[in-house]
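**Q** Just dropping this structure here.
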Amino acid sequence: MKKIPRIITILAVLLVFTILVKHTTYAQTDTSVLESFKYKYDLYVNNISVPTIVELKMPEEIKNNKNIAILENNTKSFQPYTILAKQVNTPYTIVSNLGQPDETFMYDSNITTYAEYNLITGGSNEITWTITYDKPISTNTFNFSMDKFVQYPTNITIEASSPQRKVLVDNAEVKNVRMSFPQTTAQTWLVTMKYTQPLRITEMGFEEFPVNNIQQNYIRFLARVGMTYALYTEPDKSVYINTGESGNLNNSNDAIQNILLPAKKLNTLYKPADIDKDGILDSLDNCPNIVNTDQKDINKNNIGDACEDFDHDGILNIKDNCPEYPNSMQQDKDGDGIGDHCDGKESRLTEQLFFLPWLGIGIGFAVVLLLFKTTQSKS
């Protein structure tokens with residue numbers, strides 16, 4: 001019989017351990033956190049076979065409020081993320097002499113898409129792209145990237161048209177995806193490649209120099225196979241979001257999938273905040289952190305008097321026992337809740353009736369004297 005309690009104890013310990021393991025695998029969703037966000041974006045991550053870093057442009061309207069949340073819908077867990085500021089390059093287009101319809105993929109900032117150029121039987125396996133920027137740029141470097149398992153082209157020629165054609169790289173052997181040349185300024189560029197194997201170009205363009213000061217913020221997080229995600233934005237109060245451990249999301253050596261920012265939706269879980277629980281929504285409350293149902297604002301500056309410090313002594317009016325006179329020490333000798341600096345009335349009885357202490361002393365002396373005389377007479 002003694003074994004039964006022991007078995008029950010062991011089973012209870014195992015059950016608690018199982019629950020703890022389950023709940024520490026990832027950070028669980030706190031519904032109250034989601035209720036703080038006004039908007040939601042459903043994110044679509046496609047064609048990944050392993051966990052992949054995903055990058056998307058931060059919505060313009062939230063650039064001043066970077067408190068966001070990324071939810072993995074399947075596990076109901078918040079995901080770690082990072083925000084990167086990138087240089088905004090001058091927009092450009094690419095068109096080749098072959099006129100392939102998929103050439104827009106070479107400047108869509110997505111390395112999972114590509115333009116494909118097959119070998120021409122009995123013809124010249126050579127292609128020339130015209131790269132046109134919205135305005136002249138200054139550069140000294142050309143970059144391109146290719147799909148996996150694709151061989152380098154054999155030779156490359158780079159020309160600037162400004163407006164006369166100027167050869168910067170002449171039929172050079174291709175040894176890597178980065179080509180340097182003397183710094184040049186132009187709006188239109190010509191790039192010619194010769195190849196002996198099929199080409200799949202994912203991205204292509206020039207590095208602008210010097211770097212301009214315009215930046216765009218991007219959000220990165222780690223997406224897993226078969227999972228869907230949602231981005232929550234614009235909370236109306238400060239929220240703490242518990243996420244799991246974050247990997248190195250700043251690593252640019254691995255493939256990063258760029259996804260488009262979808263249309264913004266209203267968050268159906270959103271509940272307007274009332275932090276101080278005074279029945280007035282924070283968006284309408286002139287003092288959202290302190291209860292002030294009267295919304296009193298004597299100086300009409302849209303800040304509730306309860307939240308102000310009229311005498312600038314470092315103590316808010318609502319807590320200041322003398323709000324019109326600086327008294328950072330909050331002295332209150334008579335304990336009536338009114339600071340000594342502005343208390344014109346003495347609340348202590350002994351101070352109001354100055355003779356009262358002397359009267360007490362006199363009465364005490366008389367009592368002692370009476371007791372002494374009584375004792376003497378009895379003896």
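**Q** Gain in length, SER124 to THR93, computed as 0.36 nm per residue apart minus the alpha-carbon separation, to one decimal in nm?
**A** Contour length minus Cα-Cα distance gives 8.7 nm.
**Q** Where in the range 113-146 does the label zone of GLN183 land, with the point 7 angstrom along Cα→C-beta and an amide N cut-off under 18 Å?
**A** Counting only backbone N, you get 136-143.
**Q** Evaluate the relative contact order of the chain (contact order divided by residue number), counting alpha-carbon pairs under 8 angstrom at least 6 apart; express in whole percent.
**A** 23 percent
**Q** Lysines near LYS66 by alpha-carbon distance under 20 Å, same-chain residues fewer than 8 away left out - which ones?
**A** The reachable lysines, counting only those whose Cα sits under 20 Å from LYS66, are LYS38, LYS40, LYS57, LYS86, LYS237, LYS264, LYS265, LYS271.
**Q** Excluding residues fewer than 8 places away in the same chain, name every one of the lysines whose C-alpha is closer than 25 Å to that of LYS166.
**A** Correct list for LYS166: LYS135, LYS175, LYS194.
**Q** Between ASP309 and GLU324, what is the spin-label point distance in nm, taking each point 7 Å from the Cα along the Cα→C-beta axis?
**A** Going by the 7 Å Cα→Cβ label model, 2.1 nm.
**Q** How do ASP108, ASP236 rank when sorted from fewest to most other Cβ atoms within 10 Å of their own Cβ?
**A** ASP108, ASP236
**Q** Helix 356-378 versus the longest principal axis of the chain: what angle, 0 to 90°, nearest 10, using Cα atoms?
**A** Tilt relative to the chain: about 40 degrees.
**Q** With θ taken as phi - 60° and the coefficients 6.51, -1.76 and 1.60, list the Karplus ³J(HN,Hα) couplings across the range 34-40 in order, rounded to whole Hz; mark glycine and proline as x.
**A** 4, 5, 7, 8, 7, 10, 9
**Q** Please build a GNM for the chain, connecting alpha carbons under 10 Å apart, and tell me which residue among GLY205, GLY247, GLY122 fluctuates the most.
**A** Checking each option, the largest mean-square fluctuation is seen for GLY122.
**Q** If you average 1/r over every pair of different alpha-carbon atoms in the range 121-205 and take one over that average, what Kirkwood value in Å do you get?
**A** When all Cα pairs of the range 121-205 are included, the Kirkwood radius is 13.4 Å.
**Q** Report, as a whole number in µm² per second, the diffusion coefficient that Stokes-Einstein gives for the chain at 10 °C and 1.306 mPa s using the Kirkwood radius over alpha carbon pairs.
**A** D = 55 µm²/s.
**Q** May I pose another question? Cα convex hull of the range 177-328: mean projected area in nm², to one decimal?
**A** Spelled out: convex hull of the Cα atoms, projected over all directions, averaged, 19.4 nm².
**Q** Taking the Cα-to-Cβ direction at LEU260 and at LYS194 and moving 7 Å from each Cα, how far apart do the two end points lie in nm?
**A** Each label point is offset 7 Å from its Cα along the Cβ direction, giving 3.9 nm.
**Q** Over the range 249-301, how many percent of alpha carbon pairs lie in each 10 Å bin up to the one with the longest distance?
**A** 19, 25, 17, 17, 16, 6
**Q** Would you kindly work out the equivalent ellipsoid of the range 244-338 from its C-alpha gyration tensor and give its semi-axes, the square roots of five times the eigenvalues, largest first in whole Å?
**A** Gyration-tensor ellipsoid for the range 244-338: 46, 21, 13 Å.
Laboratory data are not the source of any read-out in this text; all were calculated from the coordinates shown. These numbers were taken from a predicted model, which means no experiment stands behind them. Every residue, glycine among them, receives a Cβ derived from its backbone with ideal geometry; neighbour counts consider all protein chains shown.
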